[in-house]
1. List the number of the failed condition for residue 413; all other conditions in (1) out of contact with any strand residue (DSSP E or B) (no Cβ under 9 Å at 6 or more places or on another chain); (2) among the basic types (Lys, Arg); (3) closer than 21 Å to residue 300 by Cβ hold.
2. Show the residue pairs meeting these rules: Cβ distance below 6 Å; 6+ apart or different chains; first residue within segment 316-340 and in the same structural domain as residue 300 (by TED's automatic domain parsing) and within 18 Å of residue 294 (Cα to Cα); second residue among the aromatic types (Phe, Trp, Tyr) and within 11 Å of the ligand (Cβ to nearest atom).
3. Would you kindly identify the strands (runs of 3 or more DSSP E) lying entirely within segment 349-439 that contain at least 2 residues that are more than 16 Å from the ligand (Cβ to nearest atom) and within 23 Å of residue 48 (Cα to Cα)?
4. Taking segment 4-15 as the search range and keeping residues that are assigned to a helix (DSSP H, G or I) and touching a residue at least 60 places away in the same chain (Cβ under 8 Å), which one is surrounded by the most Cβ atoms within 10 Å (Cβ to Cβ)?
5. Can you pull out the residues in segment 383-402 that are in contact with a strand residue (DSSP E or B) (Cβ under 9 Å, 6 or more places away or on another chain), without any contact (Cβ under 8 Å) to a residue 40 or more places away in the chain and closer than 24 Å to residue 343 by Cα?
6. Of all the residues that make up segment 236-267, how many are in contact with a helix residue (DSSP H, G or I) (Cβ under 9 Å, 6 or more places away or on another chain) and away from the ligand (no atom under 13 Å from the Cβ)?
7. Conditions first: (1) within 25 Å of residue 152 (Cβ to Cβ); (2) crowded, with 21+ Cβ neighbours inside 10 Å; (3) touching a Leu at 6+ places or on another chain (Cβ under 8 Å). Residue 377 passes all but one, so which condition is the exception?
Amino acid sequence: MRMTVIGTGYVGTVHAACMAAMGHEVLGIDVDADRIASLAAGRAPIREAGLDELLARTVKSGRLRFSTSLAEGAAFARTHFVCVGTPQRPDGEAADLRCVDAVTDELARHLRPGSLVVGKSTVPVGTAARLGRRIAAVVPDAEVAWNPEFLREGSAVQDSMRPERIVVGVTSAHAESVLRTLYTPLLRAGAVFFSTDTATAELVKVAANSFLATKISFINAMAEVCDAAGADVTVLAAAVGADSRIGELFLEPGLGFGGSCFPKDIRAFAARAEEIGAGEAVAFLHEVDRINTRQRERTVSRARRLVGGSFADRRVAVLGASFKPGSDDVRDSPSLAVAASVAREGATVRVHDPQALDNARAALPDPTYTLDIPKACEQADLVLHLTPWPEYQQIDPRALVPVVRHPVLLDARNSLDARPWRAAGWSLHALGDPTGGTS
Ligand code: UDX
């Protein structure tokens, strides 16, 4: 089948490449001419496992092409996926829908009769219906459907090629049948297909992200209680998660969530719920957000105590800059937020990250950045483990002892094996460990 994918950011690039890999003919469209030129040459704008190979293969086969013209897109296909960004508004917590609206309006000017516009962006509930009315005013028999994506950064290709579920919100049997046909290979591979109205489809995405964010904040709240009680949140999380009704995933205590989705999605959801008179129902999301932000503050104050009460004249090594391992993304990265606070309070900060240094440097110019772990730790009074990259599990703690000024480590992700560190003479601390906030 033929389709366009409008917006070649994270979601759009991955979706376009995966659809082409499934055998469809895809035209990727973006207003950014440089980005389109490099995509057409088979170069991905983001680092994502398997994406470069997939792009190169599908571009070479001719099934994936790129353009900057929506008019060309409208002539090329009758199915259009809208994958443009919906960031947090600069003036509040709601989602900024300017890109989605602009693309839909421009597309409507060129659409052929009977076209299907499928939104993939995360939007406030009611957006599809609103856009549907806007398009219908210009092209009477065009339809707007919604098909949220659930991909995670770092495993976006895998998540797109082997999704657990596909959710489509439609207003006609025709749209359902188009989307079902288009996703046939994924359904054959075992994805569960949910066809529903557009409002429900829009809500599934934000409800899923809210649940996951709540799970993380729940275990972080328990970490605070553990600190107060002298209990061990790591054992608690494992024992609580062993109940299959709860499950062990997304119960990793520590510095909390960041990235381009969770923080903005829960804020936008709360703002939208308020608008439609259901604010009270999701008021807990404000608390989820507050608990999450507090983990950054707790990490900074714990670190401050560990260096003797003030960061002035202290050297702090930061391990990890990206918002999570396996990604070079530093958007709303809890690690960089902590690094920034510590630097603001007077510490000399050196940051190590295996992949995100360029992005980190652009977002936060002050610290020194290095690809060398011992260099980051040179003469450090404190080492902060903030993004749990697998390489940090491989560190030989003995080799780092002569490098630092004081062998003190705060594992804000509660994921390093304490035994070798302590055996090597390190004073090792975590959030919600039995040594409490007083050590
Ligand atoms: C998330 C959703 O998982 C995905 O379905 C949605 O489409 C987009 O948002 P992503 O932002 O890539 O994906 O990251 P994810 O792997 O879900 O992690 C989010 C954040 O939570 C990270 O900062 C991670 O470090 C943190 N996290 C995760 C925890 O702090 N504890 C956990 O137990 C799990």
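1. For residue 413, the exception is condition (1).
2. The qualifying pairs are 333/323.
3. Numbers: elements: 368-370, 382-385, 408-411, 427-430.
Qualifying strands (runs of 3 or more DSSP E): 368-370.
4. Step one: filter segment 4-15 for residues assigned to a helix (DSSP H, G or I), giving 10-15.
So of that shortlist, the ones also touching a residue at least 60 places away in the same chain (Cβ under 8 Å) come out as 10-12, 14-15.
Details: 10: 21, 11: 23, 12: 26, 14: 28, 15: 24.
By that ranking, first place goes to 14.
5. If the condition is that a residue be in contact with a strand residue (DSSP E or B) (Cβ under 9 Å, 6 or more places away or on another chain), without any contact (Cβ under 8 Å) to a residue 40 or more places away in the chain and closer than 24 Å to residue 343 by Cα, then 400 is the only one that fits.
6. Looking only at that region, the number is 2.
7. (1)
Matching residues to (1) within 12 Å of the ligand (Cβ to nearest atom); (2) touching a residue at least 60 places away in the same chain (Cβ under 8 Å); (3) touching a Leu at 6+ places or on another chain (Cβ under 8 Å):
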| site | (1), (2), (3) |
| --- | --- |
| 136 | no, no, no |
| 144 | no, no, yes |
| 155 | yes, yes, no |
| 159 | yes, no, yes |
| 163 | yes, no, yes |
| 166 | no, no, yes |
| 177 | no, no, no |
| 180 | no, no, yes |
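The values are calculated or read from the model by the stated rules, or taken from the named source; none is laboratory data. For clarity, every value in this text was computed on a predicted model and none was experimentally measured. When we count neighbours, we look across all protein chains shown, and the Cβ atoms used for this are built from the backbone with ideal geometry, even at glycine.
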